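A.B. asks: Following this message is one structure expressed as C-alpha cells.
The values are calculated or read from the model by the stated rules, or taken from the named source; none is laboratory data. Everything quoted here is computed from the prediction, not taken from an experiment. Note: ideal-geometry Cβ built from the backbone for every residue, glycine included; neighbour counts use all protein chains shown.
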Amino acid sequence: MKRCAFCQEEFPDKVTICRYCGRRLETVPLPGKKTSVKSPKKRQNGTDSTDWQTKLWKIGKEYRAPIIIIIILVAGIMFAILQKTKRQQKRPTSKSD
C-alpha cells in the first residue's frame, strides 16, 4: 500500500500520484506484514515509467496562470460578440419610402 504524505490517504501499489492532492505517493509497509519495495520498471530508453506524469504535472503548475488568463480572455471575447449580435437583432430596421 502507498500513503500520501500530505493528505494521509492510502492507495494500491500501482498508483503513483494522489488523486486528492496530486502529489507523489510513498510506499508504506503495513504493520505485521513484510513488503518489498520494487523499483519502477525501466522503459527501453532507460526512463522511469512515471516520468511523463511528473513532467506533465510540472508543466501544468508552471503554465496554470497563463492558461487561466487565456481562458478568461476567450470567454470575454465570446461574451462581447454574443452581446453585439443580440443588440443588432433587437435594433429595429428603418425602411425608407
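A.B. asks: Among (1) out of contact with any Leu (no Cβ under 9 Å at 6 or more places or on another chain); (2) at pLDDT 80 or above, there is one condition Asn45 misses while meeting the rest; what is its number?
C.D. replies: All conditions pass for Asn45, except number (2).
A.B. asks: Would you confirm, using the coordinates I've provided, whether Lys58 is modelled with pLDDT of 60 or more, within 21 Å of the chain's Cα centre (by Cα), loosely packed, with under 13 Cβ neighbours inside 10 Å and assigned to a helix (DSSP H, G or I)?
C.D. replies: yes
A.B. asks: Hey, can you tell me all the residues within the stretch 1-28 that are part of a loop (DSSP other than H, G, I, E, B) and basic (Lys, Arg)?
C.D. replies: Just the residues of the stretch 1-28 that are part of a loop (DSSP other than H, G, I, E, B), to begin with: 1, 4-9, 12-16, 18-23, 25, 28.
Selection gives Lys14, Arg19, Arg23.
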